[in-house]
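The values are calculated or read from the model by the stated rules, or taken from the named source; none is laboratory data. Computed from a predicted structure; not experimentally measured. Cβ: placed from backbone, ideal geometry, glycine included. Neighbour counts: every protein chain shown. What goes into the accessible areas is simple: the full protein's heavy atoms, side chains included, and nothing from ligands, DNA or RNA. Shrake-Rupley method; radii C 1.70, N 1.55, O 1.52, S 1.80 Å.
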Amino acid sequence: MATELRTLLTATGPIDLTSVDARSTPGFDGDKADGKSALAALGPELADLQERLYAGGRAGSTPRKVLLVLQGMDTSGKGGTIGAVGGLIEPQGLVLSSFGKPTAEELAHDFLWRVEARLPEVGQLGVFDRSHYEDVLIGRVRALASAEEIERRYRAIIDLEQRFVDSGGLVVKCLLHIDRDVQAKRLRARLGDPTKFWKYNPADLDERALWDDYRRAYEIAVERTSTPAAPWLVVPAGRKWYRNWAVATVLIEALRSLELDWPRADFDPATELARLDGEESATGS
């Protein structure tokens with residue numbers, strides 16, 4: 001049996017992102033056209049599995065729920081991935097959440113308060129565009145919290161994800177990995193296209209100046225919080241087509257592992273068909 005892409009991309013041991021080629025395509029031998037075709041081919045199975053998950057939740061026949069976490073440097077393509085992969089499935093049961101700068105109300109609570117409120121419920125596929133990891137990334141780089149607090153947050157994140165898994169959840173965490181050159185190219189593209197100006201913020205360059213600090217913060221976060229229950233996957237995202245195919249593939253692999261089935265009827269279909277036939281005969285329809 002071929003090795004699952006999830007296994008191939010799982011982060012293990014000390015993490016050195018400088019050793020990961022952002023434009024590599026592990027697990028895929030084709031080119032861009034092949035990648036786009038392969039992504040489209042995944043659509044029917046992904047849609048079927050997600051509908052089974054949703055149906056089981058609605059029918060109360062399964063406690064399963066799935067959380068897809070997308071993290072990455074600016075321009076790594078979190079939104080693009082959501083559009084490409086989310087577009088393959090029905091919106092029913094798909095719940096998107098994005099975590100920006102905390103509000104005053106959110107800051108009055110523990111950093112995980114706003115996250116717990118948005119965890120997917122039974123039958124749902126939840127997608128976090130940025131996530132609870134912002135608080136150990138920006139928090140570390142910008143010194144928004146003490147070193148002791150950052151350490152506490154790593155442990156709190158592990159506990160949160162373990163509780164989610166223990167309650168029937170499955171966590172798929174994808175670090176969309178790019179390098180400085182890829183980011184520079186994408187920022188130039190934004191600045192050269194009026195239709196993309198809305199994506200650009202002058203503060204992006206301020207954060208880019210701290211590239212090495214953010215890279216190290218990501219490495220530490222991945223090392224500290226990649227667990228058997230919720231491992232990190234490092235997805236090379238320098239090629240958009242590969243990134244999209246890879247995330248769709250690992251999501252399918254995760255859903256397959258749940259061995260989802262259609263809920264059984266809590267009624268007798270033959271009896272209901274007979275009732276329907278009788279009604280149609282009586283009304284002459």
Search result, residues across segment 121-153 that are of a type in the set (Ser, Thr, Tyr) and surrounded by fewer than 21 Cβ atoms within 10 Å (Cβ to Cβ): Ser146
Looking at segment 89-102, I want the residues that are in contact (Cβ under 8 Å) with a residue 60 or more places away in the chain and have a partner that is in a strand (DSSP E or B) with Cβ atoms under 8 Å, at least 6 apart or on another chain. Which pairs are those? none
Would you please name the residue that is nearest to Lys36 (Cα to Cα), looking only at residues in segment 207-233 that are among the β-branched types (Val, Ile, Thr) and open to solvent by less than 20 Å² (accessible area, probe 1.4 Å)? Val222
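Just to verify a result, which residue in segment 246-264, among those that are open to solvent by 10 Å² or more (accessible area, probe 1.4 Å) and either part of a helix (DSSP H, G or I) or aliphatic (A, V, I, L, M) (or both), is farthest from Ser167 (Cα to Cα)?
Thr249
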Residue ID - farthest from the chain's Cα centre (by Cα), chosen from residues in segment 238-275 that are closer than 27 Å to Val69 by Cα and of a type in the set (Asp, Glu): Asp261
Among the residues of segment 77-111, write down those that are in a strand (DSSP E or B), among the aliphatic types (A, V, I, L, M) and open to solvent by less than 60 Å² (accessible area, probe 1.4 Å). Leu94, Val95
If you check every pair at least six apart or on different chains, which have Cβ atoms under 6 Å apart with a residue in segment 177-205 that is within 13 Å of Gly77 (Cα to Cα) and open to solvent by less than 70 Å² (accessible area, probe 1.4 Å) first and a residue that is of a type outside the set (Lys, Arg) and in a strand (DSSP E or B) second? His177/Val234; His177/Pro236
Any residue at all in segment 56-76 that's more than 24 Å from Phe164 (Cα to Cα), of a type in the set (D, E, K, R) and assigned to a loop (DSSP other than H, G, I, E, B)? yes
Would you be able to say whether some residue in segment 159-175 is aromatic (Phe, Trp, Tyr), open to solvent by less than 70 Å² (accessible area, probe 1.4 Å) and not in a helix (DSSP H, G or I)? no
